[in-house]
Amino acid sequence: MALPERMKFGIFMAPFHWQNENPTVAYERDFELIEWLDYLDFDEAWIGEHHSAGWETIASPELFMAAAAERTKHIKLGTGVISLPYHHPLMVANRMVQLDHMTRGRAMLGVGPGALTTDAYMLGIDPVEQRRRMDESMGIIKRLVTETEPITYEGSWFTLREATCHLRPYTKPHFPMAVAAAQSPSGMVLAGKYGLGVLSVSVVRGGSYARDMKDFWKIAEETAERYGNTVDRNEWRLVTIAFLADTKREALEQARVGAGRFQREYFEQTLGADATDCPQDKIVDLMVERGAWCVGTPDDMIERIYQLEESTGGFGGLLVQATEFGTREQVLRSYELMSRYVMPHFQGSIASLNQSQAWSRDIRGDLADLRTKAMERASADYDAQRST
């Protein structure tokens, strides 16, 4: 599959905020970024849910999305993701239907099992059960937003008694829905089972059931066929870390400190990931060399997207992992470069302009001759009028 005629671009906002900074002001930077992306013609912003570990400070993506919707005009807002095992499915369905109405169809539901084991631990949830709970919940949510008959259901961890969504979705038949997929096959299985979109990292992580991204997508296709559903690559969004500047050297130097801290302080010291085998100030270089991150120019980002097309077999959306590698101004500039020089390349918005310019260039000589003749005629007509 080729890339779609108009690829979707957006961000995946966990968010990640440095410790020992004012968290209230950090929320305002998040809102500022969403407003900036709306101005820059980004398509989507997906907002995370977390309850521990100190970095990702949004506990309710729905609350954040409601406020962001009032500050923006066009950008779609998704939960990225609601951790389904933490919530009764009727509550999730009702909150999303309400957001669907409040945003006039700009709300999207993204779901997952819950990324942080510390969240599940505080809630008394066995991490082994999280993905099964997600599956059970998603099945009910899909029924609630598509069926009108009351549902009675005795689940393994929740109960419904003649339950309905008394307010039906604003979007018909329902708002877009997608599932997170990273390491285990469960996300892709869920996408196929219920015909959902997919939010996944742009590389297969360690411990994954699949060997590569093409194999990963096959899990969704094979599951969809087994359940009589379809999955659409255009609704497959890849999440990647990217930071752009006018030159690659500038991008690397601007991101050097922030990227090193992000990897070491969050992934390694907070989550317990294996230590990166290089000095902290060289982490950004290592990640770029490995192809895990794109830190460079818009041309580097364009090349990276084509590499992702090759490695996946085709996808429909690119989500930049929202980070604060540089200063506020440098981060905003990175997204501006993405909008001005990367997005048009994959959205068909400049091909006709280039074609028109080339056509004008090719006939400029003939038109110049006609213009000269027109000016000569005008002068002759004026002289003729003066002589009468």
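The values are calculated or read from the model by the stated rules, or taken from the named source; none is laboratory data. Everything numeric here is computed off the predicted structure, so don't read it as measured data. Cβ coordinates were reconstructed from backbone atoms using ideal geometry, including for glycine residues, and neighbour counts include every protein chain displayed.
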- Query: Out of all the residues in segment 334-374, which are of a type in the set (Asp, Glu) and not assigned by TED's automatic domain parsing to the domain that holds PHE42?
  - Reply: ASP362, ASP366, ASP369
- Item | helices (runs of 4 or more DSSP H) contained in segment 171-278 and holding at least 2 residues surrounded by fewer than 19 Cβ atoms within 10 Å (Cβ to Cβ) | 213-227, 248-261
- Just one of the numbered conditions (1) exposed (fewer than 14 other Cβ atoms within 10 Å of the Cβ); (2) touching a helix residue (DSSP H, G or I) at 6+ places or on another chain (Cβ under 8 Å); (3) touching a residue at least 40 places away in the same chain (Cβ under 8 Å) is not true of GLY348; which one? (2)
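Can you tell which of GLU35, GLU62, GLU28 is touching a Lys or Arg at 6+ places or on another chain (Cβ under 6 Å), under 15 Å from VAL331 (Cβ atoms), outside any loop (DSSP other than H, G, I, E, B) and at pLDDT 95 or above?
The match here is GLU35.
Results for (1) touching a residue at least 24 places away in the same chain (Cβ under 8 Å); (2) touching a strand residue (DSSP E or B) at 6+ places or on another chain (Cβ under 7 Å), shown as yes or no for each residue.
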{"residue": "MET287", "(1), (2)": "yes, yes"}
{"residue": "VAL295", "(1), (2)": "yes, yes"}
{"residue": "THR323", "(1), (2)": "yes, yes"}
{"residue": "THR327", "(1), (2)": "yes, no"}
{"residue": "LEU337", "(1), (2)": "yes, yes"}
{"residue": "VAL342", "(1), (2)": "yes, no"}
{"residue": "SER356", "(1), (2)": "no, no"}
{"residue": "LEU370", "(1), (2)": "no, no"}
{"residue": "GLU376", "(1), (2)": "no, no"}
- Consider GLU147 carefully, then state whether it is closer than 23 Å to ALA107 by Cβ, at pLDDT 95 or above, surrounded by fewer than 18 Cβ atoms within 10 Å (Cβ to Cβ) and not small (Gly, Ala, Ser). yes
- Test: residue in segment 291-301 that is assigned to a helix (DSSP H, G or I), within 22 Å of GLU235 (Cα to Cα), in the same structural domain as GLU21 (by TED's automatic domain parsing) and under 20 Å from the mean Cα position of the chain (by Cα): yes
- Query: When you look at GLU225, is it modelled with pLDDT of 95 or more and in contact with a helix residue (DSSP H, G or I) (Cβ under 7 Å, 6 or more places away or on another chain), yes or no?
  - Reply: no
- Item | Filter result for the condition that a residue is closer than 26 Å to GLY48 by Cα and under 23 Å from the mean Cα position of the chain (by Cα), over ARG304, ARG264 | ARG304
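Quick grid of which residues meet (1) within 20 Å of THR171 (Cα to Cα); (2) touching a residue at least 12 places away in the same chain (Cβ under 8 Å); (3) crowded, with 19+ Cβ neighbours inside 10 Å; (4) of a type outside the set (S, T, N, Q):
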| residue | (1), (2), (3), (4) |
| --- | --- |
| GLY48 | no, yes, yes, yes |
| SER52 | no, yes, no, no |
| LEU63 | yes, no, no, yes |
| VAL92 | yes, yes, yes, yes |
| HIS101 | yes, yes, no, yes |
| LEU109 | yes, yes, yes, yes |
| LEU123 | no, yes, no, yes |
- Which condition breaks for TYR153 when tested against (1) under 24 Å from THR270 (Cβ atoms); (2) touching a Leu at 6+ places or on another chain (Cβ under 8 Å); (3) of a type in the set (Phe, Trp, Tyr)? (1)
- Note on the structure: Expected single match for under 22 Å from GLN263 (Cβ atoms), not in a helix (DSSP H, G or I) and not aliphatic (A, V, I, L, M) among GLY314, GLY326 is GLY326
- Message: For the list (1) surrounded by 11 or more Cβ atoms within 10 Å (Cβ to Cβ); (2) assigned to a loop (DSSP other than H, G, I, E, B), I need the number of the one condition that THR388 fails.
- Response: (1)
- Checking PHE12 against (1) outside any strand (DSSP E or B); (2) over 14 Å from MET343 (Cα atoms), which single condition isn't satisfied? (1)
- Scan of segment 343-377 for residues that are assigned to a helix (DSSP H, G or I), modelled with pLDDT of 90 or more and among the small types (Gly, Ala, Ser), ordered by number: ALA351, SER352, SER356, ALA358, SER360
